[in-house]
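These notes concern the structure reproduced below.
The values are calculated or read from the model by the stated rules, or taken from the named source; none is laboratory data. Note that this is a predicted model, so its numbers are computed, not measured. For neighbour counting, all protein chains shown are included, and Cβ atoms are generated from backbone atoms with ideal geometry for every residue, glycine included. To get the accessible areas, we keep the full protein, side chains included, count just its heavy atoms, and leave off ligands, DNA and RNA. Shrake-Rupley method; radii C 1.70, N 1.55, O 1.52, S 1.80 Å.
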Amino acid sequence: MDRNAARVIHEIPLERRTLHGHFSPDLEPILTIDSGDTIAFACLDAGWHVRPFEKFEPRDAKLDEGHALIGPVEILGARAGQTLEVRIDAVRVGDVGFTVAGGWSTWLNDRLGVADGEDYVLRWELDADTRLGRDDHGREVELRPFLGVLGMPPEKPGVYATGPPRASGGNIDCKELVAGTKLFLPIPVDGAHFSAGDGHARQGDGESSGTAIECPLERVELTLTVHDDFELSAPIAWTSDAWIAFGFDVDLDDAAAAAVDSMLGLMLREHGLDRRDALALASIVVDVRVTQLVNGVLGVHAVLPHDAFRQATIREA
């Protein structure tokens with residue numbers, strides 16, 4: 001643990017004890033922290049690779065079949081029904097990554113005619129300092145690294161897959177959750193039991209092939225703070241440019257409706273607008289985007305820029 005005037009930082013080692021591949025409220029926390037403390041860690045890529053084509057061992061074939069996650073971290077005093085703020089302070093990529101397309105059956109791969117045959121792999125060299133990635137064809141992209149999975153387990157006992165996003169977070173896969181943003185999640189269980197992982201160096205909205213630039217992360221810093229002054233039923237996020245509201249469902253229409261509904265609630269809280277007024281204004285200034293199409297439970301996010309509108313001063317005649 002490193003203490004300084006600004007914050008308390010807990011360094012989490014990358015080892016078998018700190019890794020898991022499922023969500024469960026029954027998992028023992030690897031660490032207990034105070035609200036407002038920071039956790040710092042490195043993580044494997046989602047597929048548990050320590051280097052290309054070599055996976056971390058030992059692994060449990062059943063319990064570790066999901067994303068390689070760091071956690072869970074318990075927060076003292078956190079209670080179900082409160083809100084967890086995850087401030088994303090730093091995300092630094094490792095030096096290699098990959099993207100896979102086709103070769104397995106999904107509803108989208110089936111429709112695109114790429115489900116059969118071998119998968120296609122792009123291999124990436126990543127430079128955290130220049131924030132550039134170069135694939136094996138020499139094409140370069142600017143890196144915008146983020147964690148695909150940030151979340152807590154459902155409240156009921158059991159073993160839950162890491163693949164689908166939930167009200168308490170999980171595999172959200174939103175490209176906007178880069179360093180400098182804040183994610184707010186409803187806390188489902190006492191202690192919060194927060195976990196994170198699934199490094200992405202760059203991703204487009206939708207994550208169309210089912211993978212981003214999947215990569216290990218050399219260092220992540222997250223500050224975890226509990227709030228009891230507002231309630232949430234679904235995740236929202238704050239970025240330097242906008243507020244974001246999320247919706248998740250197996251049906252894309254329902255996911256979109258959930259995201260817009262959450263945005264209307266956010267506009268009520270932030271701007272004091274009633275529901276119909278908020279919806280009318282949202283139709284003008286809120287963008288509704290597909291977060292991801294590939295996690296079984298689909299994701300949609302509604303985006304309200306901070307400068308989308310302002311209240312003019314009305315002068316009396």
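Here are some notes:
- Qualifying residue in region 137-149 (condition: out of contact with any helix residue (DSSP H, G or I) (no Cβ under 9 Å at 6 or more places or on another chain), among the basic types (Lys, Arg) and more than 26 Å from Ile30 (Cβ to Cβ)): yes
- Pair list, Cβ < 7 Å and 6+ apart or interchain, from region 88-108 residues that are over 16 Å from Asp198 (Cα atoms) to residues that are acidic (Asp, Glu) and open to solvent by less than 30 Å² (accessible area, probe 1.4 Å): Asp89/Glu221
- Qualifying residue in region 113-120 (condition: more than 21 Å from Arg144 (Cβ to Cβ) and open to solvent by less than 20 Å² (accessible area, probe 1.4 Å)): yes
- Options Gly163, Gly169; residue that is within 20 Å of Val91 (Cα to Cα), at pLDDT 95 or above and touching a strand residue (DSSP E or B) at 6+ places or on another chain (Cβ under 8 Å): Gly169
- Boolean, Asp173 is touching a Ser or Thr at 6+ places or on another chain (Cβ under 7 Å) and of a type in the set (D, E, K, R): yes
- Pairs where the first residue, in region 263-274, is free of Cβ contacts under 8 Å to residues at least 12 places away in the same chain and more than 16 Å from Pro235 (Cβ to Cβ) and the second is open to solvent by less than 40 Å² (accessible area, probe 1.4 Å) and not basic (Lys, Arg), C-beta under 6 Å, 6+ apart: Leu273/Met267
- Every condition in (1) more than 12 Å from the chain's Cα centre (by Cα); (2) farther than 22 Å from Glu74 by Cβ; (3) crowded, with 18+ Cβ neighbours inside 10 Å is met by Pro153 except one, and the failing one is (2).
- Residues (closer than 30 Å to Leu112 by Cβ and β-branched (Val, Ile, Thr)) located in region 257-298: Val260, Val286, Val288, Val290, Thr291, Val294, Val297
- Residue check, Arg131 touching a residue at least 60 places away in the same chain (Cβ under 8 Å), in contact with a Leu (Cβ under 8 Å, 6 or more places away or on another chain) and open to solvent by 80 Å² or more (accessible area, probe 1.4 Å): no
- Selection count, region 25-46, where residues are in a loop (DSSP other than H, G, I, E, B) and surrounded by fewer than 17 Cβ atoms within 10 Å (Cβ to Cβ): 5
- Scanning region 261-305 for residues that are among the β-branched types (Val, Ile, Thr) and assigned to a strand (DSSP E or B) yields Val288, Val290, Thr291, Val300, Val303.
- If you check Thr83, Thr99 for being within 20 Å of the chain's Cα centre (by Cα), buried (at least 17 other Cβ atoms within 10 Å of the Cβ) and closer than 25 Å to Leu143 by Cβ, only one passes: Thr99.
- Total residues in region 262-317 satisfying the condition of being closer than 16 Å to Ala245 by Cα and either touching a Gly at 6+ places or on another chain (Cβ under 7 Å) or small (Gly, Ala, Ser) (or both): the figure is 12.
- Here Arg59 does not fit the description of being open to solvent by 60 Å² or more (accessible area, probe 1.4 Å) and either of a type in the set (Phe, Trp, Tyr) or more than 18 Å from Thr18 (Cα to Cα) (or both).
- When residues of region 247-289 are limited to those that are within 27 Å of Ser105 (Cβ to Cβ) and touching a His at 6+ places or on another chain (Cβ under 8 Å), the one surrounded by the fewest Cβ atoms within 10 Å (Cβ to Cβ): Arg289
- Residue check, Leu126 under 22 Å from Gly163 (Cβ atoms), modelled with pLDDT of 95 or more, open to solvent by less than 30 Å² (accessible area, probe 1.4 Å) and not acidic (Asp, Glu): no
- Residues (in contact with a Leu (Cβ under 6 Å, 6 or more places away or on another chain) and among the hydrophobic types (A, V, I, L, M, F, W, C)) located in region 89-107: Val93
- Contact annotation: residue pairs with Cβ atoms under 7 Å, 6 or more positions apart or on different chains, pairing a residue in region 246-257 that is assigned to a strand (DSSP E or B) and of a type in the set (Gly, Ala, Ser) with a partner that is surrounded by 14 or more Cβ atoms within 10 Å (Cβ to Cβ) and modelled with pLDDT of 95 or more, are Gly247/Ala234; Gly247/Ala255; Gly247/Ala256; Gly247/Ala257; Gly247/Ala258; Gly247/Ala259; Gly247/Ser262; Gly247/Val300.
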